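Every number here is computed from the coordinates shown, using simple stated rules; none is lab data. Please read these numbers as outputs of a predicted model, since none were measured by experiment. All Cβ positions, even for glycine, are placed from backbone atoms using ideal geometry, and neighbour counts span all protein chains on display.
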Amino acid sequence: MLSVLFALATAAANALAVTAQHIASTSRRGLSFWHLVAHLVRHPLWWLGWGGMAASLVGQALALHFGPLSLVQPLLVSELVIALILRRTWLRQSIRPSAWASALLTVFALTSFLVLAAPHAPAIATPSALRWITASGAGTLAAVTLGIIGRRGSPRRRAALFASATAIVWAIEAAFIKATTDVIAASGYRGLFVHWPIYALIIMGIAGLFSEQTTLHVGPLQVSQPLLVIVDPLASVIAGVWLYHERLATSVPRAPLAAVAFVLMAIGVIILSRTAPATMEPSERRD
């Protein structure tokens with residue numbers, strides 16, 4: 001229950017951070033770069049956004065400490081639904097009925113997947129060095145391969161490949177976050193910098209940041225956003241099973257129904273990405 005609550009809090013904090021910083025950055029237009037920086041530094045919503053980002057990192061770390069990767073990472077999909085609610089209640093945007101319907105489908109399918117798959121982990125699961133090397137190596141190789149292939153092709157193809165690579169990097173990063181919290185729990189903050197997970201987390205975090213920025217640059221958001229949201233939990237489930245011996249229900253009919261629920265969640269995310277307002281302008285009317 002703690003992992004679920006912290007994961008949902010993380011999703012809410014992420015949605016709040018994106019919304020607040022967007023409002024701050026668009027409150028004054030036509031400014032030069034340095035004038036914009038000076039404006040943002042004085043804007044309280046910009047700092048609220050940074051607070052939301054910090055809270056999301058803490059929340060994700062706590063969620064991963066108390067729960068398995070295969071439970072926490074799929075719950076972060078709810079960020080899209082929370083962001084849609086903020087768009088309506090805070091930005092006063094007009095939201096299409098189809099967007100609300102796809103949000104409900106996403107929530108229903110996500111809940112169904114977690115209930116049917118019932119992800120869980122052993123009470124004590126410490127990955128061996130070999131598992132860390134093979135799992136993180138395979139994930140990194142997959143992400144690098146997708147990035148290399150994504151250097152050529154149409155903008156939609158490049159966006160899809162780079163988004164998939166970024167999502168895999170995020171899944172590996174989540175595994176390193178979990179490992180870092182385990183180090184803190186065992187050795188305290190004094191022992192944090194004498195163990196490897198914190199350094200792997202920093203490196204993967206930087207790689208994820210650059211990969212995400214490339215993803216947003218090379219192609220349309222309507223292509224990249226669904227894949228960022230869908231591939232991350234899928235890769236996280238694989239990482240959780242590989243590293244921490246996490247288990248999902250394999251009985252009939254639970255396993256096939258869980259697979260169907262995941263596909264429905266992916267469909268809901270795709271429709272939501274296409275039907276939500278294209279910008280965060282309060283005056284936009286899409287109905």
* Report the label-to-label distance for residue 36 and residue 221 in nanometres (one decimal), using points 7 Å from each Cα along the Cα→Cβ vector. => 1.4 nm
* Structure fact -> Rounded to whole angstrom, the alpha-carbon centroid of the range 203-266 lies from that of the range 165-191 at a distance of 17 Å
* Using the reciprocal of the averaged 1/r over all distinct C-alpha pairs, how large is the Kirkwood radius of the chain in Å? -> 19.9 Å
* Rounded to the nearest 500, what is the chain's calculated 222 nm mean residue ellipticity when only DSSP H runs of at least 4 contribute -39500 (n - 2.57) each, over all residues? -> -26500 deg cm²/dmol
* Structure fact -> Contour minus Cα-Cα span, residue 274 to residue 250, at 0.36 nm per residue, comes to 5.3 nm
* Asked: Could you give P(r) for the range 19-151, binned at 5 Å from zero, as whole percent values over all Cα-Cα pairs?
  -> 2, 8, 10, 12, 14, 16, 15, 12, 7, 4, 1, 0
* Structure fact -> Neighbours of residue 232 by Cβ distance under 14 Å: Lys/Arg at +1, Asp/Glu at -1, summed charge -3
* In debye to the nearest 20, how big a dipole does the range 1-157 give about its Cα centre with +1 on each Lys and Arg Cβ and -1 on each Asp and Glu Cβ? -> 700 debye
* **For the range 1-79, diffusion coefficient by Stokes-Einstein and Kirkwood Rh (Cα), 4 °C, 1.567 mPa s, µm²/s** => 97 µm²/s
* Asked: What angle do you read, to the nearest 10 degrees and between 0 and 90, between the alpha-carbon axis of helix 78-89 and the longest principal axis of the chain?
  -> 20 degrees
* **Least to most buried among 98, 211 (fewest other Cβ within 10 Å first)** => 98, 211
* Fewest first, what order do 182, 232 take by the number of other Cβ atoms within 10 Å? -> 182, 232
* Using alpha carbons only, how many degrees (0 to 90, rounded to 10) separate the axis of helix 97-117 from the longest principal axis of the chain? -> 10 degrees
* Structure fact -> With Cα coordinates, the longest principal axis of the chain makes an angle with the long axis of helix 254-275, in degrees rounded to 10, of 20 degrees
* Structure fact -> For the range 148-287, whose charge dipole is built from +1 on Lys and Arg Cβ atoms and -1 on Asp and Glu Cβ atoms, the candidate among 186, 255, 199 with its Cα farthest towards the positive end is 255
* Kindly provide log₁₀ I(q)/I(0) values, in the same order as q = 0.10, 0.14, 0.17 Å⁻¹, from the Debye equation applied to equal alpha-carbon scatterers of the range 77-211. => -0.53, -0.94, -1.12
